[in-house]
1. Which of the residues belonging to region 63-80 are open to solvent by 80 Å² or more (accessible area, probe 1.4 Å) and either closer than 30 Å to Glu114 by Cα or assigned to a loop (DSSP other than H, G, I, E, B) (or both)?
2. Only one of (1) modelled with pLDDT of 95 or more; (2) farther than 15 Å from Gly116 by Cα; (3) of a type in the set (Gly, Ala, Ser) is not met by Ala236, so which one is it?
3. So is Ile53 open to solvent by less than 70 Å² (accessible area, probe 1.4 Å), farther than 25 Å from Ala148 by Cβ and not in a helix (DSSP H, G or I) or not?
4. Checking the structure you have, find out if any residue of region 91-101 is farther than 27 Å from Glu129 by Cα and touching a Pro at 6+ places or on another chain (Cβ under 8 Å).
5. Being open to solvent by less than 80 Å² (accessible area, probe 1.4 Å) and of a type in the set (D, E, K, R) is the filter here, so list the residues in region 162-178 that pass it.
6. If you go through region 1-20 one residue at a time, how many are open to solvent by 50 Å² or more (accessible area, probe 1.4 Å) and either farther than 25 Å from Gly210 by Cα or not in a loop (DSSP other than H, G, I, E, B) (or both)?
7. Could you please tell me which pairs satisfy a Cβ distance under 7 Å, a separation of 6+ or placement on different chains, a first residue in region 53-76 that is on the phi > 0 side of the Ramachandran plot, and a second residue that is assigned to a loop (DSSP other than H, G, I, E, B)?
8. Any residue at all in region 180-201 that is within 16 Å of Trp70 (Cβ to Cβ), of a type in the set (A, V, I, L, M) and buried (at least 18 other Cβ atoms within 10 Å of the Cβ)?
Amino acid sequence: MQYLLTDEELLKMKNGVQTALGIPFIDAIEDYILEAIWEYAKDINGIDPLYNIRSKKLYDVVDEKTHIGWSVKSIQWAFRPECTFELVIQRANVFKKAADLGFGHLDRDSDPQEIGAALIKHWSLKVNEDAIAQNVTDKRVMILLKSADNRRFAVLEEDLKLYNPDELVWHWTNATKTGLQGVRKDDNALVYRWYPGQTQFFESFVLPAGTQEFTIEPIRMRKDQVVDRLLPYLQALK
């Protein structure tokens, strides 16, 4: 299921991005910067990593009132309606962890369906165990797509999807077995891609038609302007 921001939330996203890109000490909207903007848009008072150790758990932003948790990601992409794009969702060394996952021994010569089932289990455990640990009952992903010139943005928010092993077919992309693909049986659409060498596990997404977008005109302040205006305010807060 896809979710849409309210007009106020979308405006706050736009203003947050515009403001962050106006600060010359910030070069990209990603990682905690994006998480903080999402918290601002959603009116969530999240954990400040300046004073707390950042969690390695899946849900980067959690609304403790509604128990919605978001895995927050960003990607630079020449996006358009119904385009496909991929993101790394996890490091998954299922060859090393095969026994712990209940699959005995796995390597490149194993049945691709067995490797795929191990990957799905590895990912599902992360999704569900972190949800319990973070008190999340509504699991979502939020992806900010960015044009190369930082002028166009799209906000994709949807439920975090999990698949059963029998919903996917897995095969190696070539004879060297450097990449494994998982496609849906019902429509042959690519869902996952895994590279055992780097253990990177990718998920494929489709940007639905009607996804909310906004545009900005980046305006950068000078470094001295930021310091001269902000530092006196910070000192007054002591």
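The values are calculated or read from the model by the stated rules, or taken from the named source; none is laboratory data. Keep in mind that this is a model prediction, so the values were computed, not measured. Cβ sites come from the backbone with ideal geometry, for glycine too, and all protein chains shown count toward neighbours. Areas reflect the complete protein model, heavy atoms only, side chains present, ligands, DNA and RNA absent. Shrake-Rupley method; radii C 1.70, N 1.55, O 1.52, S 1.80 Å.
1. Here is the first cut: in region 63-80, the ones open to solvent by 80 Å² or more (accessible area, probe 1.4 Å) are 64-65, 76-78, 80.
Hits for region 63-80 are Glu64, Lys65, Trp77, Ala78, Arg80.
2. (1)
3. On the way: open to solvent by less than 70 Å² (accessible area, probe 1.4 Å): no; farther than 25 Å from Ala148 by Cβ: yes; not in a helix (DSSP H, G or I): yes.
No; evaluated as a whole, the condition is false for this residue.
4. Step one: filter region 91-101 for residues farther than 27 Å from Glu129 by Cα, giving none.
Within region 91-101, none of the residues are farther than 27 Å from Glu129 by Cα and touching a Pro at 6+ places or on another chain (Cβ under 8 Å).
5. Going through region 162-178, the residues open to solvent by less than 80 Å² (accessible area, probe 1.4 Å) turn out to be 162-163, 165, 167-174, 177-178.
If the condition is that a residue be open to solvent by less than 80 Å² (accessible area, probe 1.4 Å) and of a type in the set (D, E, K, R), then Glu167, Lys177 are the ones that fit.
6. If we filter region 1-20 for residues that are open to solvent by 50 Å² or more (accessible area, probe 1.4 Å), which is where we start, we get 1-2, 4, 6-8, 11, 14-15, 18-19.
Imposing the further condition that a residue be either farther than 25 Å from Gly210 by Cα or not in a loop (DSSP other than H, G, I, E, B) (or both) reduces the set to 2, 7-8, 11, 14-15, 18-19.
Adding up the residues that qualify gives 8.
7. From residues that are on the phi > 0 side of the Ramachandran plot, the pairs are His67/Asn135; His67/Val136; His67/Thr137.
8. Initial filter on region 180-201 (within 16 Å of Trp70 (Cβ to Cβ)): none.
Within region 180-201 (the criterion being within 16 Å of Trp70 (Cβ to Cβ), of a type in the set (A, V, I, L, M) and buried (at least 18 other Cβ atoms within 10 Å of the Cβ)), the answer is no, since none of the residues qualifies.
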